[in-house]
Amino acid sequence: MYSKMLSLRFPEKTVNEPIAVNLVKKFDLSFNILKATIYPRKEGFMVLELSGHKTNFQRGVRYLKSIGIKVESIGNDIRRDEDRCYQCGACTAVCVTGALHIKRPEMEVVFDKDKCSACELCVVACPARAMEVKFNRSLLY
């Protein structure tokens, strides 16, 4: 099974389309919506984990792009400022996906973008403000 965290940016013309249903029925994919802001007649934004056979996953992503949805790996929106991070580990206590964890015995905080769900709990927990989530907020209003 192949699984990846994606951010989807919907143009207003596709907001009312049954996109999630089509991913399940046409491409045999499953999904877990982690964050969504979708309003009628406005652009929308969604973060989801999409899972299934790799070929079906690729076909599903092609389908999304073909109807005008911008699809990006969630790792493109998350970053850690290595210069600001002083390896305190506070972020690891709140990271539910294990994207932030402590490498032992070095006691180094490691960030794995591929595991990140963009929940933003680490942003709040980090005293150094080293974690940043940069979604295109203009799409949310």
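Only the coordinates and a few stated rules stand behind these numbers; no lab work does. The shown structure was predicted, so the numbers you read here are calculated from the model rather than taken from an experiment. Methodologically, a virtual Cβ is constructed for each residue, glycine included, from the backbone with ideal geometry; neighbour enumeration extends over all protein chains shown.
Quick rundown of the values:
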| item | result |
| --- | --- |
| Cα lying deepest toward the dipole's positive end in the chain, options ASN56, SER66, TYR2, charges on Cβ | SER66 |
| Alpha-carbon centroid distance for the pair the range 78-92 / the range 1-61, whole angstrom | 30 Å |
| Least to most buried among ILE33, ILE78 (fewest other Cβ within 10 Å first) | ILE33, ILE78 |
| Cα-based convex hull, the range 10-110, per residue volume (Å³, whole number) | 134 Å³ |
